[in-house]
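S.K.: Once you've had a glance at the structure underneath, I'll fire off some questions.
The values are calculated or read from the model by the stated rules, or taken from the named source; none is laboratory data. What you see is a predicted model; the values in this text were computed from it and never measured. Cβ placement follows ideal geometry from the backbone for every residue including glycine, while neighbour counts extend to all protein chains displayed. With ligands, DNA and RNA removed, areas are computed over all heavy atoms of the protein, side chains included. Shrake-Rupley method; radii C 1.70, N 1.55, O 1.52, S 1.80 Å.
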Protein chains: 2
Amino acid sequence: MNLTDSINRPTLHEELVERLRNLVVEDVLKPGEKVPEKQLCDSLGVSRTPLREALKVLASEGFVVLQANRGARVASVTRDELENTFPVLATLEQLAGELACQHMDSAEIEQIERRHADMLKAYESHDRQAYFRANQDIHQALIRGARNDILESHHKLLAARVRRARFMANLSDERWAQAIDEHEVMMELLRARDADGLGKSMKLHMMNKLSALVKALEAEDELLS
Amino acid sequence: MNLTDSINRPTLHEELVERLRNLVVEDVLKPGEKVPEKQLCDSLGVSRTPLREALKVLASEGFVVLQANRGARVASVTRDELENTFPVLATLEQLAGELACQHMDSAEIEQIERRHADMLKAYESHDRQAYFRANQDIHQALIRGARNDILESHHKLLAARVRRARFMANLSDERWAQAIDEHEVMMELLRARDADGLGKSMKLHMMNKLSALVKALEAEDELLS
DNA sequence: AAAGTTAATTATGAATTCATTATTCAGTCA
DNA sequence: TGACTGAATAATGAATTCATAATTAACTTT
């Protein structure tokens, strides 16, 4: 019996960082929107002190922008930011792929195998929600498999910031099919424990995601002009 | 005339983040050491509120560790952390090298050339201090040259965290000579704007730094046993 | 009515206060 | 003497208060 668990209540500000980050990532708080402290305090039932501490952390993570004496705004995901973030994410995933091939045991690989099957099923039944979940789980498992906390934390942060992009543009059928193909390749390379190959294909996968995203955003701009 | 400059006084907590981070990176606050809030408040002349906000940020950056109701400790640089951080730094530098070749203009390259010359001079006169400064400037300029803010911020954070390592083990003459050679190669590749080559050599340079560091630390352990 | 000016209101940055949890230390008992 | 108990002290987490900057609203003035 673990007694520390019941005692290990996280501090208020830690919980708030989690909750607020989720509100931003899940697009409940919209980019550019002001974040009025008092209002949030009331709705969350906390005082300003821990909330402000949380906002400082969120700001250092890049989810909000602070202006002295003018409060916090939700950081907007500009195209420029996407185009800067994806290459960094891509190299991190490349490294993760290489390390994962070296460090994952077969039980872990089998687990990914199962999640991969889930993903295919979701694709066939056109269930975007389930697809996103399975896809995210697979990437996260590969990162975990790299056995590198530093890599994991930085990847997590960048992935969260970019995750909002899925609210900006919808996944096209064409890109969806391509992504599935890429995942098939990745699975094969993982099975073969081809470190270099998996790294490269994960990097490519990420950069293709960016291309598709940029294309989709441009298409949306066309509609508006 | 820029009027915003005089007005743009950073908030207290931002200054504190900077100052405290420097105290950690410059090894004034030693790893494992407790960080008593009151004492720091007195010596810095601020109240606890902004100081605590700063500590939260430092914690999210990994420079201190917070324990609920037990305050903050300076994070210790374990060998494990070094071995995790350097590969990540190395891939980031690889990416930076590739992008720098594409984006830097010749004036910027010439500036690096000059700093490179400074570095060689410092090497010849065995001035470690000057060498570290020039070396750091060169790496930073290459990162800047990549024209990618996300890359830059993450690199900056990781670089600061391992910078403390130089207080842990001294640079051996052998490694110093090798590092100089590697820098020569890097300069040549930059002049030739060989993106792939520069990326790879920067990555290798970083990993060699890690090897040397680990070796030096093991040698120190020998002495203690 | 529109632009500009000043006063009132609101929101934020920072200090202080309060409540709770750790830590220290004196005293007890084996 | 040495381990345990519990009170006293100190440190931390969070709420509140205070001072100041920003925003809004009211009021001129043209």
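S.K.: Among the residues of the range B:24-40, write down those that are out of contact with any strand residue (DSSP E or B) (no Cβ under 8 Å at 6 or more places or on another chain) and more than 9 Å from DNA strand D (Cβ to nearest atom). Break it down into steps so the answer makes sense when it comes.
M.R.: Initially, the range B:24-40 is screened for residues out of contact with any strand residue (DSSP E or B) (no Cβ under 8 Å at 6 or more places or on another chain), giving B:25-28, B:38-40.
Within the range B:24-40, B:VAL25, B:GLU26, B:ASP27, B:VAL28 meet the criteria.
S.K.: Take the conditions surrounded by 20 or more Cβ atoms within 10 Å (Cβ to Cβ), more than 12 Å from DNA strand C (Cβ to nearest atom) and at pLDDT 95 or above and apply them to A:VAL46. Does it pass?
M.R.: Numbers: surrounded by 20 or more Cβ atoms within 10 Å (Cβ to Cβ): no; more than 12 Å from DNA strand C (Cβ to nearest atom): yes; at pLDDT 95 or above: yes.
Against the criterion (surrounded by 20 or more Cβ atoms within 10 Å (Cβ to Cβ), more than 12 Å from DNA strand C (Cβ to nearest atom) and at pLDDT 95 or above), A:VAL46 does not qualify.
Here is a yes/no grid of residues against (1) out of contact with any helix residue (DSSP H, G or I) (no Cβ under 6 Å at 6 or more places or on another chain); (2) buried (at least 16 other Cβ atoms within 10 Å of the Cβ); (3) assigned to a helix (DSSP H, G or I):
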residue	(1), (2), (3)
A:LEU151	no, yes, yes
A:LYS156	yes, no, yes
A:GLU174	yes, no, yes
A:HIS183	yes, yes, yes
A:ARG193	no, no, no
A:GLY199	no, yes, yes
A:LYS203	no, yes, yes
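S.K.: Something else now. Among (1) of a type in the set (Asp, Glu); (2) surrounded by fewer than 18 Cβ atoms within 10 Å (Cβ to Cβ); (3) under 24 Å from A:ILE138 (Cβ atoms), which single condition is A:GLU15 missing?
M.R.: It is condition (3) that A:GLU15 fails.
S.K.: How many residues does the range B:49-80 hold that are away from DNA strand D (no atom under 11 Å from the Cβ), open to solvent by 30 Å² or more (accessible area, probe 1.4 Å) and out of contact with any Ser or Thr (no Cβ under 9 Å at 6 or more places or on another chain)?
M.R.: Final tally of qualifying residues: 4.
S.K.: Okay, moving on. Test B:ALA96 against the criterion of being hydrophobic (A, V, I, L, M, F, W, C), assigned to a helix (DSSP H, G or I) and surrounded by 15 or more Cβ atoms within 10 Å (Cβ to Cβ), and give yes or no. Steps first, answer last, please.
M.R.: Values: hydrophobic (A, V, I, L, M, F, W, C): yes; assigned to a helix (DSSP H, G or I): yes; surrounded by 15 or more Cβ atoms within 10 Å (Cβ to Cβ): yes.
Answer is yes for this residue.
S.K.: Is there a residue in the range B:86-109 that is under 22 Å from A:GLU61 (Cβ atoms), facing another protein chain (nearest Cβ under 10 Å), of a type outside the set (Ser, Thr, Tyr) and within 13 Å of DNA strand C (Cβ to nearest atom)?
M.R.: Within the range B:86-109, not a single residue is under 22 Å from A:GLU61 (Cβ atoms), facing another protein chain (nearest Cβ under 10 Å), of a type outside the set (Ser, Thr, Tyr) and within 13 Å of DNA strand C (Cβ to nearest atom).
S.K.: Let me ask something additional. Which number in (1) more than 13 Å from chain B (Cβ to nearest Cβ); (2) at pLDDT 95 or above; (3) closer than 29 Å to B:GLU61 by Cα marks the one condition that A:LEU158 misses?
M.R.: It is condition (1) that A:LEU158 fails.
S.K.: So, A:ARG147, is that one modelled with pLDDT of 95 or more, under 30 Å from B:ALA90 (Cα atoms), open to solvent by 60 Å² or more (accessible area, probe 1.4 Å) and within 19 Å of the chain's Cα centre (by Cα) or not? Talk me through it step by step, then tell me what you get.
M.R.: On the way: modelled with pLDDT of 95 or more: yes; under 30 Å from B:ALA90 (Cα atoms): yes; open to solvent by 60 Å² or more (accessible area, probe 1.4 Å): yes; within 19 Å of the chain's Cα centre (by Cα): yes.
Against the criterion (modelled with pLDDT of 95 or more, under 30 Å from B:ALA90 (Cα atoms), open to solvent by 60 Å² or more (accessible area, probe 1.4 Å) and within 19 Å of the chain's Cα centre (by Cα)), A:ARG147 qualifies.
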